[in-house]
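The values are calculated or read from the model by the stated rules, or taken from the named source; none is laboratory data. No experiment lies behind these values; they were computed from the predicted model shown. We place every Cβ from the backbone using ideal geometry, glycine too, and count neighbours over all the protein chains shown.
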């Protein structure tokens with residue numbers, strides 16, 4: 001039993017520290033440092049969890065308490081050794097040609113060619129450059145060191161599908177914002193990693209991760225969403241917490257339903273179509289906080305802090321975000337998650353996809369009851385607000401982890417108890 005509890009403890013702790021993530025070109029030194037940090041925190045936690053105040057303070061420290069230091073050293077050595085050995089074998093397999101990724105370089109100038117040379121000199125990266133994509137339709141030279149120019153930028157999506165491309169490296173000398181948006185839009189939705197050289201950073205919308213290829217920095221755009229095991233744990237937490245809150249506080253929700261009915265005429269719940277993961281529509285459930293038929297008065301509009309359509313009890317629920325409790329039913333059904341981008345209405349989604357590049361990136365994950373944009377106090381009232389919120393949403397998607405979800409949930413609880421909602 002103790003062994004099982006220890007396994008669960010270390011499994012959750014390593015997950016919290018991100019040690020199960022697939023790291024891009026992680027060095028063995030960095031691997032050792034990350035393992036050491038996680039093990040040190042874990043051993044300190046175990047020390048205090050097993051600390052007996054009466055026994056350990058009144059009597060000489062027993063030998064078993066000193067053994068925890070040996071346990072700490074043994075864990076760092078064995079875990080680090082195993083991981084470093086695995087990474088060493090993995091690198092040698094990549095150099096030998098196993099598991100390499102088909103890669104495109106977007107660009108056809110000195111910098112693009114320099115990138116291809118650097119990649120060729122670092123076979124442990126696992127990149128096989130199969131071609132260049134030219135920013136222009138007409139080119140004179142058709143290849144460089146036997147690497148062909150496959151097509152121009154406007155046919156990028158077609159090439160990715162035909163050639164089964166897994167990585168794209170952008171190296172354009174003088175890119176325009178529209179050109180960058182075009183490239184990322186063609187890659188978005190495809191199973192490819194996107195990286196650019198540092199000088200293009202200022203034209204990228206949203207947040208990114210910076211990495212190094214053997215001392216040569218690249219910036220990662222639209223990095224892969226959290227690994228499958230984290231997604232599974234996230235879903236389990238969603239269901240577990242939702243069931244506990246719905247069933248545990250059922251008398252409170254029944255009382256809310258009665259007050260809503262007494263406070264104003266209309267239904268207890270407010271149902272509205274929203275767009276979820278992969279663009280799938282679903283019906284979102286909330287406690288009704290506005291007068292019945294509020295949208296018929298104004299048409300589809302974004303909520304405002306002092307909306308005159310809000311009822312007396314609705315103001316109370318919105319202040320503490322209690323009107324969103326029924327959305328836990330959506331979470332249990334799988335339409336939503338506890339943490340994610342805020343779901344939007346279909347009519348707004350279509351408009352925003354046309355006006356804002358990368359807006360559809362938000363649709364690659366389940367929408368959330370709360371999220372990074374929500375705790376930052378960004379509300380949809382204008383297109384500029386939506387653009388600002390999109391940057392927060394992209395930051396969350398590109399850095400999402402169980403640790404970040406916990407941080408957002410704790411911050412949301414603080415906002416609820418402080419009454420800072422609307």
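Some observations on this one:
- Just one of the numbered conditions (1) in contact with a strand residue (DSSP E or B) (Cβ under 8 Å, 6 or more places away or on another chain); (2) part of a helix (DSSP H, G or I) is not true of residue 179: (1).
- Filtering segment 92-114 to residues that are out of contact with any strand residue (DSSP E or B) (no Cβ under 6 Å at 6 or more places or on another chain), part of a helix (DSSP H, G or I) and closer than 24 Å to residue 170 by Cα leaves 94, 95, 110, 111, 114.
- Taken over segment 44-63, the criterion of being closer than 19 Å to residue 5 by Cα and either part of a helix (DSSP H, G or I) or modelled with pLDDT under 60 (or both) is satisfied by 44, 45, 46, 47, 48, 49.
- Within segment 1-15, tally of residues that are part of a loop (DSSP other than H, G, I, E, B) and closer than 14 Å to residue 49 by Cα: 0
- Residue within segment 135-155 that is closer than 16 Å to residue 193 by Cβ, part of a strand (DSSP E or B) and either outside the structural domain of residue 195 (by TED's automatic domain parsing) or touching a residue at least 40 places away in the same chain (Cβ under 8 Å) (or both) present: no
- Among the residues making up segment 358-399, those that are modelled with pLDDT under 85 and part of a loop (DSSP other than H, G, I, E, B) are 358, 376, 377, 378, 379, 380, 381, 382.
- Qualifying residues in segment 259-288 (those that are in a loop (DSSP other than H, G, I, E, B) and touching a strand residue (DSSP E or B) at 6+ places or on another chain (Cβ under 6 Å)) - the one surrounded by the most Cβ atoms within 10 Å (Cβ to Cβ): 288
- From the list 143, 164, the lone residue that is at pLDDT below 85, out of contact with any helix residue (DSSP H, G or I) (no Cβ under 7 Å at 6 or more places or on another chain) and under 28 Å from residue 96 (Cβ atoms) is 143.
- Residues in segment 321-357 that are touching a helix residue (DSSP H, G or I) at 6+ places or on another chain (Cβ under 7 Å), under 17 Å from residue 371 (Cβ atoms), assigned to a helix (DSSP H, G or I) and at pLDDT 90 or above: 323, 328, 331.
- Of the listed requirements (1) in contact (Cβ under 8 Å) with a residue 40 or more places away in the chain; (2) touching a strand residue (DSSP E or B) at 6+ places or on another chain (Cβ under 7 Å); (3) farther than 23 Å from residue 190 by Cβ, residue 371 misses just one: (1).
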